[in-house]
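The values are calculated or read from the model by the stated rules, or taken from the named source; none is laboratory data. All values derive from a computational prediction rather than experimental measurement. Because the Cβ atoms are built from the backbone with ideal geometry, glycine has one as well, and the counts that use them run over all protein chains shown. Heavy atoms of the whole protein, side chains included, go into the accessibility calculation; ligands, DNA and RNA do not. Shrake-Rupley method; radii C 1.70, N 1.55, O 1.52, S 1.80 Å.
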Amino acid sequence: MSTLAVHAEQPVTGVPLVLLHAFPLDSGMWDEVARRLDGVPVVRIDAPGFGSTPPRSEAGLEAFALDVVAAIRELGAEQAVLAGLSMGGYVAMAVAEEAPGALAGLALLSTKASADPEPARAARLEMVAAVERGEPEPAAGMLEKLLGATTLRERPDVVDRVRRALAAAPGEGLVWAQRSMAQRPDRLAALAALPEELPALVARGAEDGLMSPEDADAMADALGTDVVEVARAGHLLALEDPATVAAALADLHRRATA
Ligand code: MLT
């Protein structure tokens, strides 16, 4: 049995739409998207150390990716439409490399296929060190990077929600995720190797300061699709514009199951 916390809105029949969350949030990040996906068998999975999935001492997105595939099979499905936002996208790309046959469709939101440059890797390990030193709220400084200018200016409810999530981010989850993301390889070739006809979606917020237009273009080119650019939204697309994200995912799921 997989040790992952797997949340399904309803009994899963057919091809599930599996949602993988961003760092350092949990599957609750998808609440507003999931409630707009009536009729789609939505499944949400918490990453190790976040939400209700127990922490792991060994870093590696690949082991988590294989556990996601095992969880899909435990639901009785051979394949799933996998949708990952940011860190969730890194995990979905690890599935694309390790178990491409498990994919009925792939959505990559606010993410990138490239590995970290050295300064980004060092910043991740600095957060790990901050957790280990026992510093309070080591992820709190991420707020302005995760949300777009429009959300920061006009959506105090979303800002407050993310601020609270960052303050509550669990230390063991932070350590596992930052170490895992720091060691992930470039996965553009794994995307290009997927079957040409695989239904795919690439989306980024127009105000995302973390993932560049070039990152999105590279993934879209590898997958043979176009980038959906979401206006007035930053990095946390699922919280900043859940209606657009839900509509795009419903369309992808329809294409994958037609
Ligand atoms: C995320 O939103 O999951 C993170 O910003 C990803 C990252 O740190 O690369």
Over region 1-110, with neighbouring protein chains present, the accessible area per residue in Å² at probe 1.4 Å is 33
Local charge sum around Ala238 (other residues, Cβ-Cβ under 11 Å, Lys/Arg +1, Asp/Glu -1)? -2
Sort 169-175, 132-138 by packing, meaning the average of other beta carbons within 10 Å per residue, with the highest value first. 169-175, 132-138
Accessible carbon and sulfur surface of region 1-146 relative to its total accessible area, %, 1.4 Å: 51
Mind putting together the pair-distance distribution for region 6-257? All Cα pairs, 10 Å bins, whole percent per bin, short to long. 8, 34, 40, 17, 1
Region 70-214, dipole about Cα centre (Lys/Arg Cβ +1, Asp/Glu Cβ -1), debye to the nearest 20: 260
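How high is the relative contact order of the chain, in percent, with contacts defined as C-alpha pairs under 8 Å that are six or more residues apart?
Numbers: 545 pairs, mean separation 61.2, N = 258.
So the answer I get is 24 percent.
Would you mind calculating the relative contact order of region 1-108 from Cα pairs under 8 angstrom and at least 6 residues apart, reporting the percent as a whole number? Walk me through the intermediate numbers first.
Numbers: 210 pairs, mean separation 35.9, N = 108.
Once divided by the residue count of region 1-108, the mean separation gives 33 percent.
Percent antiparallel among DSSP beta bridges with both residues in the chain, to the nearest 5?
Numbers: 3 of 25 bridges.
In the chain, approximately 10 percent of DSSP beta bridges are antiparallel ones.
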Fully extended, how many nm does the chain gain between Ala63 and Ala206 (0.36 nm per residue separation, minus their Cα-Cα distance)? 48.3 nm
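About the Cα centre, and with charges only on the beta carbon of Lys, Arg (+1) and Asp, Glu (-1), how big is the dipole of the chain? Nearest 20 debye, please. The partial results should precede the final answer.
Values: 22 positive and 38 negative charges, 79 e Å.
So the magnitude is around 380 debye.
Ranking request for peptides 121-127, 244-250, 42-48, 188-194: highest mean number of other beta-carbon atoms within 10 Å first, then the rest in descending order. If you can, show how the numbers build up before the last one.
Numbers: 121-127: 15.1, 244-250: 21.6, 42-48: 25.6, 188-194: 16.7.
Descending mean neighbour count gives 42-48, 244-250, 188-194, 121-127.
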By the Cα gyration tensor axes a ≥ b ≥ c (a/c under 1.5 gives rounded; else a/b larger than b/c gives prolate, otherwise oblate), the shape of region 179-258 is oblate
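Report relative contact order for region 118-191 in percent, whole number only (criteria: Cα-Cα under 8 Å, sequence separation at least 6). Display every interim value, and only then the final one.
Details: 43 pairs, mean separation 32.9, N = 74.
It comes to 44 percent, rounded to a whole number.
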Among Ala83, Leu108, Leu143 - extreme Cα towards positive end, dipole of region 81-214, charges at beta-carbon: Leu143
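Skip the ligands, DNA and RNA, and give the accessible area per residue of region 130-258 with a 1.4 Å probe, whole Å².
On a per-residue basis, 47 Å².
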Find the centroid of the Cα atoms in region 58-82 and in region 183-258, then give the distance between the two in whole Å. 20
Neighbourhood charge, 14 Å Cβ-Cβ cut-off, centred on Glu137 and excluding it, Lys, Arg +1 and Asp, Glu -1: +2
Per the helix-only calculation at 222 nm, which mean residue ellipticity applies to the chain, given -39500 (n - 2.57) for every DSSP H run of n ≥ 4 and division by its residues, nearest 500 deg cm²/dmol? -13000 deg cm²/dmol
